[in-house]
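Read the figures in this text as sums done on the coordinates, not as results from a lab. If you're wondering where the values come from, they're calculated on a predicted model, not measured in any experiment. Glycine gets a Cβ as well: all are built from the backbone with ideal geometry, and neighbour counts include every protein chain shown.
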Amino acid sequence: MADMLTDLLIYIAIGIMTFSIGAILGYQILLVYYKKRFMVIAKQCFDAGSVIPIIDELGRET
């Protein structure tokens, strides 16, 4: 019985760790993606001299 409880606690700990690692990696990947996307939109706004590209991007994202 104690072995089953120990195994269960180990599996729960592994599950929590993999969830935490996945959440952190997902956050970092999304952060890099949107930072890169923002720089592209900022360059388009600079080239166009207006905020129209930001409005277009907001329309695509929503």
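Along the positive direction of the dipole of the stretch 1-59 (beta-carbon charges: Lys, Arg +1; Asp, Glu -1; about the Cα centre), which of ILE16, LEU30, ILE41 reaches farthest?
ILE41
Please give the calculated 222 nm ellipticity per residue for the chain, where each DSSP H segment of at least 4 residues contributes -39500 (n - 2.57) and the sum is spread over every residue; nearest 500 deg cm²/dmol?
It comes out at -33000 deg cm²/dmol, rounded to the nearest 500.
To the nearest 20 Debye, how big is the dipole of the chain about its Cα centre, given +1 on the beta carbon of each Lys and Arg and -1 on that of each Asp and Glu?
Roughly 320 debye for the chain.
Take the stretch 2-61, drop everything but the C-alpha atoms, weight them equally and run the Debye formula without solvent; then report log10 I(q)/I(0) at 0.20, 0.28 Å⁻¹ to two decimals.
At q = 0.20, 0.28 Å⁻¹ the computed log10 ratios are -0.80, -1.04.
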